[in-house]
Amino acid sequence: MNVLLVDDDSTFRFIVKTVSKRSGLAHIIAEAENGHQAIKYLNTSLASGNGIPDIIFLDLNMPEMNGWEFLECIPGALCKRAEIPVCIVSSSISRHDNERSQTYSCVKGMFSKPLTEGHLRKMQAFVAKV
């Protein structure tokens, strides 16, 4: 599973990479610190023909462009066309956030931090369904 991890917390990104590699569930993990960097990465990947990630792990609270703003920017260009599943990973998942996430067809689930191997296995199932 090739992952794009969008989160401004470097410690969390390190933990996700460690758990992913130890479990063998994710092979390539590209990182972005905010939505702007993630969109730039995705556009570059599409333009160069290098392929796109199998799944995006997305934090909601980030500087410059948060997760909600990211989701508003990608539906036409990437989510629908490329069918990239997005899993929201956040330290605070409110009922309101959960309801809001369901308005985006590309969002397949919400997971609370810290991310565990069990979470990764559930996320892997979303990739298999695409």
Among residues of the range 111-127 being under 16 Å from Leu4 (Cα atoms) and touching a helix residue (DSSP H, G or I) at 6+ places or on another chain (Cβ under 7 Å), the residue surrounded by the fewest Cβ atoms within 10 Å (Cβ to Cβ) is Phe111
Subset of the range 18-30, residues touching a residue at least 12 places away in the same chain (Cβ under 8 Å) and either among the hydroxyl-bearing types (Ser, Thr, Tyr) or closer than 12 Å to Phe57 by Cα (or both), comes to Ser20, Ser23, Ala26, Ile29, Ala30
In the range 72-96, residues that are crowded, with 16+ Cβ neighbours inside 10 Å and modelled with pLDDT of 90 or more total 4
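Would you check which residues across the range 82-91 are of a type outside the set (A, V, I, L, M, F, W, C) and farther than 18 Å from Asn34 by Cβ and list them? Working first, answer last.
At the first step, the residues of the range 82-91 found to be of a type outside the set (A, V, I, L, M, F, W, C) are 83, 85, 90-91.
Once the filter is applied, which keeps residues that are of a type outside the set (A, V, I, L, M, F, W, C) and farther than 18 Å from Asn34 by Cβ, the range 82-91 yields Glu83, Pro85.
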Checked the range 1-42 for anything within 16 Å of Val127 (Cα to Cα) and among the acidic types (Asp, Glu); matches are none
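The values are calculated or read from the model by the stated rules, or taken from the named source; none is laboratory data. Quick caveat: nothing in here was measured; it's all calculated off a predicted structure. Virtual Cβ from ideal backbone geometry, glycine too; neighbours counted across all protein chains shown.
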